[in-house]
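This report refers to the structure that appears directly beneath it.
Nothing in this text is a laboratory measurement; each read-out follows from the coordinates by a stated rule. Note that the structure is a prediction, hence the values are computed from the model and not measured. Quick reminder, even Gly has a Cβ in these numbers, built from the backbone with ideal geometry, and neighbours come from all protein chains shown.
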Ligand SMILES: *Cc1c(COP(=O)(O)O)cnc(C)c1O
């Protein structure tokens, strides 16, 4: 195994350009809306997932672990990113999958995980619900090579620390930074590291997602715990749910801006941004930067509906 592996070589951060949207999309409401294209940094380890994983994988290696174990659903961007990144780091990976899927029922996401060498362990929903229970985790650790355990979504201190690195790509002259929030780990890293004059707005793609506020606060130092908020109204029926209106929005958005969105996270965020623009939420001189957190691998399940 090579020792010079790749903590920088895995992804290409230079591809994470800031792309202004077509002015017709935001005029006359604000000065600019642009997207930070984290979806470009790697074909599989896209967007924010890399940032949330990198310090976890680094630590796992430094502490002499051979294996990582993490969690996700059958469409999880985190799981496939973890599988790919672990492989790059020369670590074995185990993915605990929510729900039992026979071989015939494997999603493309799960097939990709296997392709990257991840060993999949299927857990019933009841079992999976114990994913943060110390006793269950201990039993899993004994069964699977005493792995370094990364929580679902990379939601831990290392994840927040990695997400904070995203702010190095964010210029100071943007007044509002928009991001989709699943576990909220990425948002926490952004809020923790951005100057407090820059507002951070999170868009939660699930119903009643504002409970996340309480999950996020522990990651924020008191002085950073200002000028951020969460919207949970643009969920389109719940996590992973979509309808014709959202699909039309995605196709229109790509037509206007040549930027593909994913249906689980970034499409709902941009739909929300569009609503906030029309409601006059932003001042006219606002400069809005939306973080494209990737997730495009998940679009294969609706490929026949998308014009891209
Ligand atoms: C995982 C994911 C998110 C959510 O990130 P959190 O740090 O869990 O809030 C947002 N967007 C995309 C595309 C994702 O894959």
Task: Degrees separating the helix 266-278 axis from the principal Cα axis of the chain, which is the longest one - done: 20
Open item on the list: Return the Rg/Rh ratio of region 81-223 with Cα-based radii and a Kirkwood Rh.
Closed with: 1.01
Open item on the list: Limiting things to C-alpha atoms, what are the Rg and the maximum Cα-Cα separation (Dmax) for the chain, in angstroms?
Closed with: 19.0, 59
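In what sequence, highest mean first, do 34-44, 127-137, 191-201 appear when ranked by Cβ atoms within 10 angstrom?
With the highest mean Cβ count within 10 Å placed first, the list reads 34-44, 191-201, 127-137.
Compactness ratio of region 83-164: Cα Rg over 2.2 N^0.38 Å, N = residue count?
Numbers: Rg = 13.3 Å, N = 82, 2.2 N^0.38 = 11.7 Å.
Normalised by 2.2 N^0.38 Å, the Cα Rg of region 83-164 equals 1.14.
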TODO: Return the single residue from 102, 70, 175 with maximal mean-square fluctuation; model: Gaussian network over the chain, springs between Cα atoms under 10 Å.
DONE: 102
TODO: Mind jotting down the three principal axis lengths of region 124-164 based on Cα atoms? Whole angstrom, largest first.
DONE: 32, 23, 14
Open item on the list: If I model region 235-292 as equal point scatterers sitting on the Cα atoms and use the Debye formula, what is log10 I(q)/I(0) at q = 0.22, 0.27 Å⁻¹?
Closed with: -0.91, -1.18
Task: Relative packing of peptides 146-155, 206-215 - highest average C-beta neighbours within 10 Å first - done: 146-155, 206-215
TODO: Enter the angle in degrees (range 0 to 90, nearest 10) between the Cα long axis of helix 134-143 and the first principal axis of the Cα atoms of the chain, meaning the one along which they spread out most.
DONE: 50
Open item on the list: Based only on other Cβ atoms within 10 Å, what is the fewest-to-most ordering of 176, 78?
Closed with: 176, 78
Open item on the list: Using only the alpha carbons of region 172-308, what is the convex hull's orientation-averaged projected area in square nanometres?
Closed with: 8.3
TODO: Calculate the length of the line joining the C-alpha centroid of region 205-245 to that of region 252-308, in whole Å.
DONE: 16
Task: Quotient of C-alpha Rg and 2.2 N^0.38 Å, computed over region 196-259 - done: 1.42
Task: Angle in degrees between helix 244-257 and the longest Cα principal axis of the chain, rounded to the nearest 10 - done: 70
Open item on the list: Taking just the alpha-carbon atoms of region 1-127, what radius of gyration and Dmax come out, in angstrom?
Closed with: 17.7, 56
Open item on the list: How much of the DSSP bridge set in the chain is antiparallel, in percent, rounded to the nearest 5?
Closed with: 10
